[in-house]
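These notes are about the structure you will find just below.
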Amino acid sequence: MKTLPFLMKSDVKLTDSELLDLFANGNDNAFADIYNRYWKRLVALAYSYTKEKFAAEEIVQEVFVSLWNRRGHVKIETLNSYLATSIKFAVFKGIYTKSRHEKLLEKMPGSPSADLPEDLLHAKFLEEYVNGLVEQLPEKCRLVYQYSRQKGLSPQEIADEMNIAKKTVEAHLTKALKVLRLNLKEMMILIILLNQH
């Protein structure tokens, strides 16, 4: 098992953005602060998928090891989103594609009993990931996106349905697509990095 540098809690409370700037410049203490700040919540997130404490801790440890090994090279827009996405993909790579295909199949009514091909697993996970991102959008923004993409309504039809201006609909769509693009960009980078290991 790879080891991480000695970690110390800092007395100075920096923002995630400040920590990222320091970390990108090789500051070990910034990494320690990120580790201490996010360890517990990431273990909880991993546990929500694995239902196994040891497995959850191993996944989080590997995510931090990967982050440490790529210090000075990694480009992160939003730390919280990046780490959470890293956990999800580590779970996906380590569990769904190896020993737990059946659990995913159980959630897919009408699926054949045989294991899914890896490309279909990726497609299913991507669909679930995008749906999760949409659910996190502000309420009106989420509704506009769902009316547009899921019901196929035009901006004018959405405006009539929600009793808001067409320009407001277009603004909500622009915001939703921007959020999705940013997160999907980070996700594709993670897929490439995970497939290199």
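Just one of the listed residues (Lys140, Lys88, Lys98) is open to solvent by 30 Å² or more (accessible area, probe 1.4 Å), out of contact with any Gly (no Cβ under 8 Å at 6 or more places or on another chain) and at pLDDT below 80, namely Lys98. Filtered by the rule that a residue be open to solvent by 60 Å² or more (accessible area, probe 1.4 Å) and hydroxyl-bearing (Ser, Thr, Tyr), the stretch 22-47 gives a lone residue, Tyr47.
The values are calculated or read from the model by the stated rules, or taken from the named source; none is laboratory data. Quick caveat: nothing in here was measured; it's all calculated off a predicted structure. FYI the Cβ positions are ideal-geometry reconstructions off the backbone, even for glycines, and counts take in every protein chain you see. Accessible surface is based on the protein model in full, side chains and every heavy atom, while ligands, DNA and RNA are left aside. Shrake-Rupley method; radii C 1.70, N 1.55, O 1.52, S 1.80 Å.
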